[in-house]
Each structure stands twice: as C-alpha cells, then as structure tokens.
Amino acid sequence: VATPDAIEWRGREAALVDLGELLGHRSLRARSFAAVVEVEGRLCAIAIDQLGELEELVVRPLDPVLCAPAGVSGSSILGNGSVVLVLEPAEITIRSAELRRSA
Amino acid sequence: MTEHAPQGPQEEGSIYAFIDLLRTQAAEEVEVEETSLWVFLSISGRKFVVPMSAAREIHRVGEIVPVPDAPASTCGVVQLRGRVIAVIDPAVLLGLGATSIEPASRILVAESRSRLVGMLVDGVDRVVELADGQFRPRDEGYLPGQAETIQRVVDLDGQNLGVLELDRLLRSIGSEGSSER
C-alpha cells in the first residue's frame, strides 16, 4: 500500500524515492514498480518504470563537463553495447530525504 | 647568404658552398610557407575550423544518453569503442542556439588535455591546409558575447571562419546554465 512518502515491504517501512522527480524527469510515483534497496540499515523503495537485468559492470567516472548531480556516480557500458548512467543509492536516498524536508 | 652565392669560376668545385646555399634557401622557404591542417566544419549554419592535431575521428550521431541536470551546452554521453565520452553542443557555447540533429550531423571526437570529447556539428566539410599568414585576430563584434571562445579568424574562400579552440570551449561550459529537461 503506497502512501505519498513510504511503502510497506515485508512488514517494514521503506521510504519512497521518486527518481523521476529527483533527476528532473516526470514523476514516477504513480508507477507500480519499485526497487527496494537497503542503505545503512534503512529501506528505500526507488520508484522505477521497469527492471532491466543483473549485470557485472565496470563503472567509470563521468567527464566533469557534464556536472553530473550527486546520485549519478558514473557510467558504464552494458553487454549489448548501450551506455548507462550509474546511480549511487546512498546519495539518492539522502537527496530524496532533503527534497522531502524542503518541500 | 651572399657569401655563399655562386660566384663563378673561382668557386668552381666548391660543392660544399653550393650545398650550404641550398640549405639556406630550403630553410627560408619552410619559414615562409609554414602551414597546418584544419578541419573545416559547420556549426548551426556557420563555418569554423578546428585544428586537425586535436581531431581524432568523426562519427554519425547514434544514441546520445542524456545526463540529468547537465549544462545546456552538453548533450550527454556516447560510447566510443568501450569508452564513454561526453558530447558537447558548441553551438550553445557560441550563442548560436542548440544544434538540431539532422542526417548530415556528425560527432567530431577531439582530444583536449589527454581526454576525448565529442562535439556535435552540423557537418564536416573537408580538411584544409592553411598558412600561418591567413590567421588574424577576431574582429570586434564577431559573434557577440562569445569573445572568449573565438580568439582568431581565418580567411578561406572569401569567408571569415572562426578558429575553435576546444580547451576554451570546455572551459566556458557551465556558465550558460543547465539544460531544460
């Protein structure tokens, strides 16, 4: 059951992180998927469009000209050759909490 | 130089003097005709040159992955043989508006301080050989507001082409604000 700020996951409360809002895209709150991650003992549910797959990646930093925001820690190349940005869950949950406090 | 000039019979057989003379002349010719290679390209409908020494390769525009909150003058990242490089839109930095990607658009991969950066351009025309004497300081009013980015222009085919310096372009990124996405 989703509330504006948290969902219940296996009997525990997980703070809902709206990546869409955080990264300047449309809000993902109305979506039905969330990736639940645990950061420093706290659960976070990151709202997503869909899950891709699990891959082992080499993460490289982004060029500083791109001024990547906190939460985007680098980039990598998937097995199929496409480029992906790499997110840092710890930074994302911190930024999301800050955003909620200031809202 | 006059001391080595052919003097007639008394210098006959002095092959060394003649070689010296040829050397002197060759050195002078090189000095006069110092040239370098430049990539002649267009950005937002205007023509520019980029030093060939900085250009690495030219690609068709494939998928560009945008980076959230990145400056408006950056397009995102692309893959280049296993590396991820940033792509910038020099048109934004030159005050010419954002480049729209057309079939003729290309990404010119250039090297600046041992890192590779892609530049989105309307198209790459050709490589030209230019003499040092063809370059001169930019006129007042050439691309107003972008004085820092373009320092020199070159006369080619009756046009004034701005000389793009990648280091300057990269330094000016971030001053134009973040992209609206």
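Using 7 Å Cα-to-Cβ label points, what is the B:GLN151/B:GLU102 separation (nm, one decimal)?
3.2
On a 0 to 90° scale, report how tilted helix A:89-102 is relative to the longest principal axis of chain A, with both axes built from alpha carbons and the result rounded to the nearest 10.
Tilt relative to chain A: about 50 degrees.
Return the loop-located GluC sites (Glu not before Pro) in region A:51-103 (DSSP other than H, G, I, E, B) with at most 15 other Cβ atoms within 10 Å of their own Cβ; answer none if there are none.
On the way: sites: A:GLU53, A:GLU55, A:GLU56, A:GLU91, A:GLU98; in loops: A:GLU53, A:GLU55, A:GLU56.
Of the GluC sites (Glu not before Pro), the ones in loops of region A:51-103 whose Cβ has at most 15 other Cβ atoms within 10 Å are A:GLU53, A:GLU55, A:GLU56.
Give a quick list of GluC sites (Glu not before Pro) in region B:82-171 that DSSP marks as loop, anything other than H, G, I, E or B, with at most 11 other Cβ atoms within 10 Å.
Hits after loop and neighbour filter: B:GLU140.
For A:78-87, what's the mean count of beta carbons from other chains sitting within 10 Å of each residue's beta carbon? Walk me through the intermediate numbers first.
Details: counts 1, 0, 0, 4, 4, 12, 3, 7, 0, 0.
The per-residue average across the peptide is 3.
What ranking of A:SER32, B:SER105 emerges when the number of other C-beta atoms within 10 Å of each C-beta is taken as an exposure proxy, fewest first?
The fewest-first ordering by Cβ neighbours comes to A:SER32, B:SER105.
Provide B:ILE19, A:ILE46, B:ILE85 in ascending order of the number of other Cβ atoms located within 10 Å of each residue's Cβ, fewest first.
B:ILE19, B:ILE85, A:ILE46
Nearest 500 deg cm²/dmol is fine: what mean residue ellipticity at 222 nm does the protein assembly as shown get from its DSSP H runs of n ≥ 4 alone, each adding -39,500 (n - 2.57), divided by its residue count?
-4500 deg cm²/dmol
Compute the FRET efficiency between B:LEU37 and B:ARG60 as 1/(1 + (r/R0)^6), taking r as their Cβ-Cβ distance and R0 = 22 Å, and round to the nearest 0.05.
Given R0 = 22 Å and the Cβ-Cβ separation, E is 0.45.
Evaluate the distance, in nm, between pseudo-label points positioned 7 Å from the Cα of A:VAL59 and of B:ARG23 along their respective Cα→Cβ axes.
Placing both labels 7 Å beyond Cα along the Cβ direction yields 6.2 nm.
Extension gain A:ASP5-A:VAL36, at 0.36 nm per residue separation less the Cα-Cα distance, in nm?
Here the segment from A:ASP5 to A:VAL36 would lengthen by 9.8 nm.
Choose one of B:GLN25, A:GLY52, A:VAL83: the residue whose Cα lies farthest towards the positive end of the charge dipole of the protein assembly as shown (beta-carbon charges +1 Lys, Arg; -1 Asp, Glu; about the Cα centre).
A:GLY52
FYI, it's all coordinate maths here, none of it is from the lab. Worth saying up front: this structure is predicted, and the values here are computed from it rather than measured. Every residue, glycine as well, gets a Cβ built from its backbone with ideal geometry; the counts of neighbours run over all protein chains shown.
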